[in-house]
Structure formats: structure tokens, C-alpha cells
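Encoded as C-alpha cells, the structure appears first; notes follow it.
The values are calculated or read from the model by the stated rules, or taken from the named source; none is laboratory data. A quick note: this is a predicted structure, and the numbers were derived from the prediction, not measured. Virtual Cβ from ideal backbone geometry, glycine too; neighbours counted across all protein chains shown. Areas reflect the complete protein model, heavy atoms only, side chains present, ligands, DNA and RNA absent. Shrake-Rupley method; radii C 1.70, N 1.55, O 1.52, S 1.80 Å.
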Amino acid sequence: MELQTLGDRNLRKLAFSHVIHSIKRMNQKNKNEPKNRALQNIMFSILQAEDETRARRALTTLCELHRRKVWFDERTANAICKACFHSSSRIMIAALSFLLDYEKIEDDDDSDANSDEDDLTTHNPQVILSKEAVYKAQHKGTTSSKKKKKAKLQRAMRSMKKQQRLSSEKSSLTYYSPLNHLIDPQGFAEKLFSRLQTCTERFEVKMMILKVIARIIGLHRLILLNFYPFLQKYVQPHQRDITNLLAAAVQACHDMVPPDAVEPLFKQIVNQFVHDRSRTEAIAVGLNVVREICLRMPLLMTDDLLQDLVLYKKSHEKAVSAAARSLITLFREVCPSLLVKKDRGRPTDPKARPRAFGEVSVASNVPGVELLQDGDGNESASDGSDDDNDNKENIDTDGDEENQLSGDAIGSEDDDSGDDNAIDEDNDTNNSIDDDSGVSEDDLDGDDDEEVELEAEDVDELEEGCDSKNSESDAGDGSPVTKESMAKKRKFSDFDGQLIAADTSLRALKRLAEAKIGCVSSDSSDGILSNEDFQRIKELKAKKEAKIALAQQGFKVPSSDQLSIKRVDPVKLE
């Protein structure tokens with residue numbers, strides 16, 4: 001390391017290659033942790049020293065060993081990240097450029113791997129399509145309709161292969177960045193942001209610091225609320241490197257940030273970029289940035305704003321119309337109710353809504369086990385005669401309950417008619433109807449119905465509605481009420497209420513019986529899934545995904561974890 005600081009260039013190269021190759025040979029067969037730790041301590045002490053030349057050579061050595069995956073541990077990654085706070089600006093710039101360029105190197109490797117995987121998937125397709133769809137595409141319809149159906153099948157197969165590739169990449173966890181292994185990412189981001197606010201370096205260096213902060217916020221899903229107003233100062237169409245700045249803004253958005261903190265920045269992007277007097281390039285960039293931010297934080301969008309942005313789909317500029325249509329496609333999946341009816345198309349879930357801020361979906365069971373239960377239910381329905389017998393028994397018991405309830409209703413009707421006759425006799429003797437006695441009779445009728453009301457909880461609201469409607473109609477009529485019409489009204493209204501009560505209680509009993517049967521069937525199994533069950537779940541998932549891919553031509557909204565790993569490319573925003 002001392003020889004690398006001398007003036008001779010050939011000597012510096014020789015000493016550097018000697019250090020790299022000797023440490024690589026030492027760790028070739030197995031990792032020698034005690035020696036590695038001792039050498040790392042020497043490197044870290046040189047890197048943290050004030051001598052700029054020696055510290056720069058130590059940083060170069062550490063970066064090379066980390067890139068070659070010789071010292072591929074958390075200590076080395078944290079030491080390189082801490083070099084961003086070095087007093088020398090040259091060392092800080094070298095550390096920042098390594099952190100940003102490392103992801104470009106990883107992206108290039110991933111793209112090569114993806115092309116290889118595409119070749120493999122074309123030779124061995126794993127897509128499960130229904131035989132009916134394939135038959136229709138090949139044998140039914142005219143020549144043009146067959147071409148359309150075949151093209152639709154090919155699109156579905158391509159989307160399925162892409163999803164399988166993404167899931168395999170996620171399961172293999174090939175993605176890596178030194179920023180992944182930060183010990184205290186929140187403290188690191190706050191410290192680097194405070195250095196950015198007081199930084200007097202040139203604009204390129206500030207931009208590098210800003211991109212690293214945005215990458216850390218998105219990768220670790222941090223909350224740094226002062227970062228968004230800082231970005232807001234630079235959001236102008238004429239700003240230098242505006243696409244890089246907007247990519248950093250998108251990268252810093254995730255579902256754990258309060259929407260109120262990002263809303264001013266979001267509105268400024270819309271107001272500055274997307275308006276009629278703006279250039280077409282600026283409108284296209286603004287719409288693409290809006291789409292990427294709404295992909296991460298859909299709660300920022302309102303229905304009025306979305307309807308205004310969607311109108312750009314009629315633009316004659318291809319980039320603008322394509323950006324507007326991509327926004328429509330996103331909200332067909334995320335929240336179709338925000339779109340006008342003609343723009344909704346055929347969404348897979350018309351009632352889909354974005355999750356509220358802070359809402360997390362917690363898995364309470366094995367993912368996909370409901371598909372297995374549905375498949376087992378269909379198979380058992382196809383074979384089972386025992387289930388038919390059980391259903392007959394259930395129907396018989398339901399019939400007995402219905403007869404019993406109708407008997408109660410008839411009995412209560414006879415009681416009501418007896419009460420009506422008694423009222424008629426009293427009225428004949430007294431030739432007048434007292435209001436207080438009428439109220440008490442209604443109360444008594446309500447008490448007679450309580451036995452039916454207790455059987456089903458939902459009946460209370462129905463009967464209250466019926467009583468209130470009858471009382472309003474009686475009070476609203478100005479005509480004098482005769483005793484016969486009053487008795488008939490009460491008789492028919494009570495009978496209708498009892499029929500509704502009987503029907504509702506019968507449905508409640510059926511629901512209760514079905515719930516009990518479901519509980520018994522779930523309790524009868526031990527809840528342990530075998531390897532065959534997991535294989536069956538995988539096949540059912542593939543079938544379901546193929547069906548969805550055939551039904552829709554949109555895209556699948558990625559999860560928040562996939563979005564945090566994904567690096568936003570500024571070129572794609574244009």
C-alpha cells in the first residue's frame with residue numbers, strides 16, 4: 001500500500017495487482033477469516049486517515065476486491081459507503097460513483113441473464129393454456145379472427161413467461177448492491193442529506209449525492225420527509241439533468257411515505273410539465289413520471305386530475321398518447337372507479353381499490369391453499385353421492401324448520417285476528433277509538449313477533465322499516481281512518497312482516513349450517529400439506545394466471561418489494 005503512493009506509474013500498477021491477486025489466492029479454496037479481518041482492519045484505517053493519496057488507493061483496492069467478490073461481506077460494503085463522508089471531495093466522489101456504477105454493472109449482467117433465460121423459455125415453455133382456447137384459435141372462426149386469437153395466445157404466453165422469469169429471479173435473489181448491507185440506513189441517509197444541504201461542490205456531485213439518497217430511501221423504504229421539499233426546488237422543465245432528478249424523485253417514493261408529504265412535489269410535477277403550452281417532450285416525461293409515482297403511491301391521484309390527464313390520449317404525438325394510455329392501463333388495475341366508464345374497459349377486479357396508508361396484508365394461511373380447497377371441492381362434487389345424501393338431509397331439516405316457522409306465523413295470525421274481533425266488539429259498545437288503546441295494541445303485536453325476531457338478527461331493521469312506513473302513511477293521510485281499514489292494514493302488515501321474518505331467519509339458519517359444515521371439514525383435516533399438495537397448488541396457480549392473462553391485455557402490478565429493488569431508468573421516462 002505504501003508503494004502505491006510513489007510516483008512511478010509502473011510500480012503503482014505492480015503493487016496494486018500484487019495486493020489484489022495475493023488476497024484472491026488466499027481466499028480461492030476457502031475463506032481465511034482471521035487473515036481477512038486483519039488485512040481489512042489495515043485497509044479501513046488507511047481509508048479513514050486524512051492522507052488523501054493513501055486513502056484513495058485503499059478505497060480503490062477495497063472496491064476492486066468487492067467487485068470481484070473476494071471481500072464480499074458487510075464490513076467491506078459499509079467501509080465503502082462510509083467513504084462518502086470523507087473530508088476529501090475526491091474520495092467522496094469516488095465512493096459515490098462506485099455505488100452508482102455498481103448497479104449499472106449489475107443491470108448489464110441481469111440483462112444478459114434475462115436474454116439467456118428467454119432462449120431457455122422459448123425452448124421449454126411452461127405455460128398452461130386451456131385446450132378450449134387453443135382449439136378456438138386454430139379451428140373456429142374466419143381467417144382474420146383466427147389470426148387475432150393466435151396473436152392473443154402468443155401475447156398471453158409471452159406475459160406468462162415474463163412473470164415466470166421475474167418470479168424465478170425473485171426466488172434466486174440475484175440482486176445485490178453495497179447499499180443493501182448498510183448497518184444504519186436511516187442514519188446514513190440523514191447524514192448524507194445534511195451534507196447535501198451544506199454542499200458547495202459542483203452540480204454533478206450534488207446530483208450524485210441526491211441519487212444515492214433516493215436509492216437508499218427506496219431500497220430500505222425509509223421516511224425522510226425533508227427530502228421531497230428539497231427536490232421541489234429543482235422540478236422545472238428547463239432544469240439541467242431533469243430526467244435524472246425525476247428518476248430520483250420516483251425512486252424515493254414508496255407506500256410507507258405519507259401521501260401528504262409527497263403531494264406538493266406531485267402537484268408541482270403535474271403543473272410544470274403537463275399543460276397545453278408545454279412541449280410534447282415535457283408532457284410525455286411528466287405523464288410517465290406521474291404513472292411511476294402512482295404505481296408506488298396510488299393514493300396521490302384524484303378523479304378530477306386523472307380525467308384531465310387521460311384526455312391526452314387523443315394527442316397526435318405518439319409519446320404523449322402512449323404515456324396517457326399507460327396511465328389508463330395502470331388505473332384499470334389499481335382503481336378502476338377513478339376512470340370514466342368508457343375508459344375502464346374490462347378490468348379484472350372492478351371493485352379494486354388501493355390500500356390505505358399504512359395498511360399491510362398479513363398472510364393467515366399458506367398462499368394458494370384456497371385454490372387447492374376449491375379444486376378438491378369440484379372433484380368431490382363430481383364423484384360424491386354421499387354429499388347428495390347430506391344435502392337431502394339438510395334440505396329436509398330446512399323444510400322442517402320452514403314448516404315450523406310458517407306454523408308460528410299462522411298461529412300469530414290467528415291471535416291477531418282474535419285481537420281484531422275483540423277490538424271490533426269494544427268499538428261497537430263504545431262507538432269510539434281511543435288513541436292510547438291503539439298504541440298499546442301495536443305494542444302487543446310487536447311483542448307477539450319477538451319470538452320470530454330473536455331467531456335472526458337481521459330482521460329487526462326490516463320490521464322497523466315496515467312499521468315506520470306504515471306509521472308515516474297513516475299519519476300523512478288526511479282522510480278519516482275507519483276501524484275496518486285500520487284492522488285490515490294492521491293484519492296485512494303484520495302478516496307481511498312475519499313472512500319476511502320467517503324467510504330471513506331461514507336464510508340465516510342456512511348460512512349457519514353451511515358455516516358449521518365448513519368448520520367441520522376444515523377441522524377434520526390436520527392442516528399439514530404434503531409435497532403433492534404444493535405441486536397441485538403450483539399447477540392451479542399456473543392455470544389461474546394463464547386464465548387471467550388470456551382475459552386481460554394489461555399488466556400485473558408489481559409488489560412494493562419488487563418496486564423497491566427496481567432501479568428507475570431516466571431514459572425510459574423520456
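Please go through (1) closer than 19 Å to LEU563 by Cα; (2) not assigned by the TED database to the domain that holds VAL262 for ALA247 and return the number of the only condition it doesn't satisfy. The number of the failed condition is (2). Suppose the filter is within 21 Å of the chain's Cα centre (by Cα) and modelled with pLDDT of 80 or more; does VAL568 pass it? Spelling it out, VAL568 is indeed within 21 Å of the chain's Cα centre (by Cα) and modelled with pLDDT of 80 or more.
When ILE216, ILE128, ILE223 are checked against the criterion of being at pLDDT 85 or above and either touching a helix residue (DSSP H, G or I) at 6+ places or on another chain (Cβ under 6 Å) or of a type outside the set (Val, Ile, Thr) (or both), a single residue qualifies: ILE216. Filtering region 5-32 to residues that are surrounded by 13 or more Cβ atoms within 10 Å (Cβ to Cβ) and in a loop (DSSP other than H, G, I, E, B) leaves ASN27, LYS31, ASN32. One residue stands out in region 131-173 among those that are part of a helix (DSSP H, G or I), of a type in the set (S, T, N, Q) and modelled with pLDDT of 70 or more: the one that is farthest from the chain's Cα centre (by Cα), namely THR143. Answer yes or no as to whether GLN307 is out of contact with any Gly (no Cβ under 6 Å at 6 or more places or on another chain) and in a helix (DSSP H, G or I). It is true that GLN307 is out of contact with any Gly (no Cβ under 6 Å at 6 or more places or on another chain) and in a helix (DSSP H, G or I).
Among the residues of region 313-320, is there at least one that is assigned to a loop (DSSP other than H, G, I, E, B), of a type in the set (Ser, Thr, Tyr) and over 14 Å from VAL557 (Cβ atoms)? For region 313-320, residues assigned to a loop (DSSP other than H, G, I, E, B), of a type in the set (Ser, Thr, Tyr) and over 14 Å from VAL557 (Cβ atoms): present. Looking across region 221-261, the residues that are part of a helix (DSSP H, G or I), surrounded by 20 or more Cβ atoms within 10 Å (Cβ to Cβ) and within 19 Å of the chain's Cα centre (by Cα) come down to VAL250, GLN251. Kindly check whether there is at least one residue in region 303-315 that is open to solvent by 40 Å² or more (accessible area, probe 1.4 Å) and of a type in the set (Val, Ile, Thr). The answer is no, given that none of the residues of region 303-315 is open to solvent by 40 Å² or more (accessible area, probe 1.4 Å) and of a type in the set (Val, Ile, Thr).
Of the residues making up region 350-369, those that are closer than 24 Å to VAL289 by Cα and open to solvent by 80 Å² or more (accessible area, probe 1.4 Å) are ARG353, ARG355, PHE357.
The residue that is farthest from ILE42 (Cα to Cα), among those in region 56-74 that are under 41 Å from the mean Cα position of the chain (by Cα) and in a helix (DSSP H, G or I), is ARG67.
The residues of region 36-60 that are open to solvent by 20 Å² or more (accessible area, probe 1.4 Å) and polar (S, T, N, Q), listed by number, are ASN41, SER45, GLN48, THR53, THR60. Quick one: in region 330-349, of everything that is open to solvent by 60 Å² or more (accessible area, probe 1.4 Å) and within 15 Å of the chain's Cα centre (by Cα), which residue is modelled with the lowest pLDDT? Checked region 330-349; the qualifying residue modelled with the lowest pLDDT is THR348. Filtered by the rule that a residue be assigned to a loop (DSSP other than H, G, I, E, B) and among the acidic types (Asp, Glu), region 321-369 gives ASP349, GLU359. Scanning region 264-282 for residues that are open to solvent by 40 Å² or more (accessible area, probe 1.4 Å) and either within 23 Å of ILE209 (Cα to Cα) or not in a helix (DSSP H, G or I) (or both) gives PRO264, HIS275, ASP276, ARG277, ARG279. GLY218 passes every criterion in (1) surrounded by 17 or more Cβ atoms within 10 Å (Cβ to Cβ); (2) touching a residue at least 24 places away in the same chain (Cβ under 8 Å); (3) not in a helix (DSSP H, G or I) apart from (3). Comparison of ALA261, ALA352, ALA322 shows that the only residue that is touching a Phe, Trp or Tyr at 6+ places or on another chain (Cβ under 6 Å) and either of a type outside the set (Lys, Arg) or free of Cβ contacts under 8 Å to residues at least 60 places away in the same chain (or both) is ALA261.
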